[in-house]
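The values are calculated or read from the model by the stated rules, or taken from the named source; none is laboratory data. Since this is a predicted model, take the numbers as computed values, not measurements. Positions of Cβ are generated from backbone atoms using ideal geometry, with glycine treated the same way; all protein chains shown enter the neighbour counts.
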Amino acid sequence: MPRTLRAALALAALAVALVGCNRDTGGGEAKYLHLFNTAWAKTSNLGLYEVKVASVAPLPDGMKVVTVNYLFNNGMVPDQGRAAMLVSPENRLADPCVVDLEIDQCLGGGAPIWHAKP
């Protein structure tokens, strides 16, 4: 394979990777996925198959509402869910309640103190 073709392929792969990390979610997807996975592990014993960051909405006070779509094992078959997290400017959960947007409750149960706008 000629050097120029290898270089062009490498640059194309790099460009695709950079675009994927800097889309409308702000490029911090790995941090948000880690936060969700940690919250899920504390509240559920069901298997989590896949999580994707759907959106990141900045708030005037520096907080962010991060919405994720996830695929999990509901005990019988794979099921889908949608949740929102309130994330601080330091990229930590500002509230331990990760809101299940379908039922407007925390993943571990209970009513949320804050309400996400889907």
### Residues of the range 26-54 classified as closer than 16 Å to Arg92 by Cα and outside any helix (DSSP H, G or I), total
4
### Query
Mind checking which residues of the range 70-118 are modelled with pLDDT of 90 or more, among the polar types (S, T, N, Q) and either more than 19 Å from Lys52 (Cα to Cα) or not in a loop (DSSP other than H, G, I, E, B) (or both)?
Gln80, Ser88, Gln105
### Query
Which residues, counting only those in the range 73-87, are under 23 Å from Ile113 (Cβ atoms) and either exposed (fewer than 15 other Cβ atoms within 10 Å of the Cβ) or not hydrophobic (A, V, I, L, M, F, W, C) (or both)?
Gly81, Arg82
### Task
Starting from the range 48-72, keep only residues that are buried (at least 17 other Cβ atoms within 10 Å of the Cβ), then list their pairs with residues that are in a loop (DSSP other than H, G, I, E, B) whose Cβ atoms are within a distance under 6 Å, requiring at least 6 positions of separation or different chains.
Val53/Thr25; Val56/Thr25; Val56/Gly26; Val65/Ala116; Phe72/Leu46
